[in-house]
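What follows is a short report on a single structure.
The values are calculated or read from the model by the stated rules, or taken from the named source; none is laboratory data. Worth saying up front: this structure is predicted, and the values here are computed from it rather than measured. Because the Cβ atoms are built from the backbone with ideal geometry, glycine has one as well, and the counts that use them run over all protein chains shown.
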């Protein structure tokens, strides 16, 4: 976690159950199962309800880019909507900057949305009857900003996403990539602290997706929002995330840094995901390094650093067989790694 | 199958459908066998009926009496806007009206639409029906805003309060299935004779399409657009009016279009009660005087209005592009300029009678034509009556007479018919098509007995069986319950007569429309020819269909049959073609790659794929047929339509409403049955 103190977003034991009298049914199911999540979920399903999110808990630090990854139907979009309170969570606690959002009044909720939250949608969610500029300025308009200030601020974010010159266009006149730029600009118009992105790049073709991912990282590099980013694409998750939560059937099965997910999958499900991933590009030397008290820098110290990717490290010690030292940023030796371990970590795991 | 013996399991002969058909067959056979001993099996005895008609009359009469003062006040209030609209349209010099319509046409659809408006209104002017047309238009101009506001408010409320939605939708369904004439009787009592009744009736009739489209449009907004508005921090009202309604505007404009057409149609139908010098009245008058040339001319004026209003309001929904408003203002200015410059020297609008010679020529030509071809026309008419309609209505045993068929029907022939049917049935059962065999046997029984003479136990059991197969026990119970109310209210025979005529028309439409649809699906050229005809037939107000059939076949059941067919065939054509051509291309490619011929593809792939769509077309055709049945009562049908029409003449609320309700029940049941079968087909295809 990059921040300190109160997390930007905190979820504790969040359940989202769809169906009649969900709350009561959930309480009863939990009581009967003695708090066991899986058997409670099973009994809910048997009585015709749909437990879409099951006992999810996680925290997102200030300025952290937190990715929730899962296949369709895993509950990843549902939990985002619980946090934004587009739907009411059945039970559990959700806090934004320590403020319990599940108990916020309607007015407070509107205020929070106007000042604190921005959201980007998979299919853009652009208002078809408004121009690019009007779409981007709409959140400012509902805040009651006057026209001149609206226009100035809208222009700022439109430039940020590189859409200058298209202000007067209607959504239907834009390409998919351009539409999502409008969606991003609109979500940033009020300069929110918390940024929700619901599969923002999934509807785009691969080249445009890559381009927008890079721009997204650039924007995030300067704005440092606290982000929940939903995706079903493991490569996207590994590329963008500070930390990743992997969801399956409504449960969070693993939370960890990209390298953890790749090198230390919590179960077969996560392992299946990371099997096709080029691990060498996502895992760092630090993840296979062993702490060593002393190891004199030998004549052929390849100069490994803890934050190097495995690919880069391996390229430097192709011909070495002895453990080699690993340095930190200041050049101090903080551990050692056996080149054979580097290669072993890259092995595609057999099922 | 993993049966160790490797044998395929024996096909189940007694599928639920076959069992249901067997029960129906048994009920029919029992009824026929018991008929001589117990005549009440066929004719529901009069002493068993409840005086429901009278109760409805008294109850509603009491309610209406209660509402009357408020209604009269309302109608007095409505006289003001109507007076204004009348004044505005009647007193405005005709060049300005034509100029304004042309200008609107330009703005909405460019040159073609402007030309349509100009030519259309010029035709109206030339016909000499200008002032009557403006009266009609004034009624539409007042009733449509009322309908749009009412429909819009209902639609928005149903959207805001989800609990309201199901009941609202039921009410909308009922309002659209209750025949138009049935509305008029209670309104007549409430508001008295006069144009206000037409106005209110058309507002009531035009509101449901608007409400329906508002609901549909709001439902269909992408959830992300809705969520984006919420996340922008907009309050509920702002979400609704700044985001949701504008996003749904295309669908809402479809509602405006349908609402306009419904209002126009109803205003013209309402002319039946008279009291207003409008174009519908003109059609009715000339039709009664057998001045078909004039009647046709007035009918064409209605068609022109329908087409102009439909195309222009349709452009609101489909065309996003608007044309240069400066040219529109220019056109309007030109028209105003003309009116000012020529002022009083403009000829009186109603003075134009340029087309009167044409009307006379039509009359003369028609006279000569019918004189020359009378035998041939009468041949068609009698042929269809004697060999199709009458047997369907009263059964072969009564319809086959020396006078019609050249011989009399004997019990031996009945026996032979049943024996042949039974034999064919056995062959079919033996070949594993038990359902088809049983249906054949039931069909033979119906043909022998005649729809109007069907024993009521058989109809009830049949409806239950169909309901059970289409939608389970609940639909079966609902069908039987609703039909029983008709039986108890003493409207049973009339209901069967209505069922027979609409059934015959639906059958004809299904065959004819199915074939045309198939042909249009196979040949784009045919579709290019058929499509404008379909468009036209759907735009024309119901009333106008009566004119041409009357011209050639006079008053009578055959004319009514033709009018119903002409109106109801359109959905069958459209849906059949649409179903057949919308087979997914990858399925077709897979079939071609497997080496299927065109015919095989049509039979094995396109037809099953199209089945649910074609069933929906059939459903529409049934509803259209019921709607037209009541209008066709004007030119001589028996059954419920006639009762409704008579009730209107006698201001008999009880009869009008009961017969209207019976009609709505028939339409409702057939709608649910066909929808049920269509849903089942869709499920079977995994759609």
Condition (residue is in the same structural domain as residue A:201 (by TED's automatic domain parsing), within 23 Å of the chain's Cα centre (by Cα) and at positive phi) applied to the range A:165-173: is it met by at least one residue? no
Find all pairs meeting these conditions: Cβ atoms under 6 angstrom apart; at least six residues apart or on different chains; first residue within the range B:67-92 and closer than 14 Å to residue B:145 by Cβ; second residue assigned to a helix (DSSP H, G or I). B:78/B:196; B:81/B:142; B:82/B:142; B:85/B:138; B:85/B:141; B:85/B:142
Taking first residues from the range B:629-643 that are buried (at least 24 other Cβ atoms within 10 Å of the Cβ) and second residues anywhere that are not in a helix (DSSP H, G or I), the pairs with Cβ under 7 Å that are 6 or more apart or on different chains are B:629/B:637; B:630/B:179; B:640/B:491
Residues located in the range A:102-136, provided they are more than 10 Å from chain B (Cβ to nearest Cβ) and surrounded by 22 or more Cβ atoms within 10 Å (Cβ to Cβ): A:132, A:136
Conditions: (1) more than 22 Å from residue B:223 (Cα to Cα); (2) in contact with a helix residue (DSSP H, G or I) (Cβ under 6 Å, 6 or more places away or on another chain); (3) surrounded by 19 or more Cβ atoms within 10 Å (Cβ to Cβ). Residue A:169 meets all but one. Number of the miss? (3)
Near pairs, Cβ below 6 angstrom, 6+ apart or cross-chain, from the range B:392-403 (closer than 21 Å to residue B:498 by Cβ and not assigned by TED's automatic domain parsing to the domain that holds residue B:557) to any residue that is at pLDDT below 80 and part of a helix (DSSP H, G or I): none
Condition met for residue A:74 (surrounded by fewer than 17 Cβ atoms within 10 Å (Cβ to Cβ) and away from chain B (no Cβ under 12 Å)): no
Kindly check whether there is at least one residue in the range B:575-586 that is closer than 30 Å to residue B:362 by Cα and out of contact with any strand residue (DSSP E or B) (no Cβ under 6 Å at 6 or more places or on another chain). no
Would you confirm whether or not the range B:492-513 contains a residue that is under 24 Å from residue B:280 (Cα atoms) and in contact with a helix residue (DSSP H, G or I) (Cβ under 8 Å, 6 or more places away or on another chain)? no
What number of residues in the range A:313-326 are free of Cβ contacts under 8 Å to residues at least 24 places away in the same chain and within 13 Å of residue A:337 (Cβ to Cβ)? 3
Would you mind telling me which numbered condition in (1) touching a strand residue (DSSP E or B) at 6+ places or on another chain (Cβ under 8 Å); (2) free of Cβ contacts under 8 Å to residues at least 60 places away in the same chain residue A:127 fails? (1)
All conditions in (1) surrounded by fewer than 24 Cβ atoms within 10 Å (Cβ to Cβ); (2) away from chain A (no Cβ under 14 Å) are true of residue B:208 except (1)
Subset of the range A:188-198, residues over 11 Å from residue A:113 (Cβ atoms) and within 9 Å of chain B (Cβ to nearest Cβ), comes to A:189, A:198
Is it the case that some residue within the range B:168-188 is at pLDDT 90 or above, under 23 Å from the mean Cα position of the chain (by Cα) and surrounded by 19 or more Cβ atoms within 10 Å (Cβ to Cβ)? yes
If I ask for residues that are buried (at least 18 other Cβ atoms within 10 Å of the Cβ) and either at pLDDT below 90 or in contact with a strand residue (DSSP E or B) (Cβ under 7 Å, 6 or more places away or on another chain) (or both), which ones from the range B:469-485 would you list? B:469, B:470, B:471
Would the range A:55-63 turn up any residue that is at pLDDT below 90, within 18 Å of the chain's Cα centre (by Cα), surrounded by fewer than 16 Cβ atoms within 10 Å (Cβ to Cβ) and farther than 26 Å from residue B:234 by Cα? no
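Based on what the data block shows, is residue A:162 more than 9 Å from every other protein chain (Cβ to nearest Cβ) and assigned to a loop (DSSP other than H, G, I, E, B)?
yes
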Single residue of A:184, A:219, A:261 found to be closer than 15 Å to residue A:122 by Cβ, within 16 Å of the chain's Cα centre (by Cα) and not assigned by TED's automatic domain parsing to the domain that holds residue A:307: A:184
If you check residue B:238 against the conditions, is it part of a helix (DSSP H, G or I), touching a helix residue (DSSP H, G or I) at 6+ places or on another chain (Cβ under 7 Å), modelled with pLDDT of 90 or more and within 12 Å of chain A (Cβ to nearest Cβ)? yes
Just give me the residues in the range A:13-33 being in contact with a helix residue (DSSP H, G or I) (Cβ under 8 Å, 6 or more places away or on another chain), surrounded by fewer than 19 Cβ atoms within 10 Å (Cβ to Cβ) and either in the same structural domain as residue A:247 (by TED's automatic domain parsing) or over 19 Å from residue A:85 (Cα atoms) (or both), in sequence order. A:32, A:33
Which listed residue, of B:264, B:218, is over 22 Å from the mean Cα position of the chain (by Cα) and either away from chain A (no Cβ under 12 Å) or closer than 30 Å to residue B:299 by Cβ (or both): B:218
Residue within the range B:581-591 that is over 24 Å from residue B:480 (Cβ atoms), surrounded by 15 or more Cβ atoms within 10 Å (Cβ to Cβ) and either in contact (Cβ under 8 Å) with a residue 40 or more places away in the chain or not assigned by TED's automatic domain parsing to the domain that holds residue B:513 (or both) present: yes
Any hit, the range A:49-66, residues being within 14 Å of chain B (Cβ to nearest Cβ), in a strand (DSSP E or B) and over 23 Å from residue A:180 (Cα atoms): no
Would you confirm whether any residue within the range A:143-159 is assigned to a loop (DSSP other than H, G, I, E, B), surrounded by fewer than 21 Cβ atoms within 10 Å (Cβ to Cβ) and within 14 Å of another protein chain (Cβ to nearest Cβ)? yes
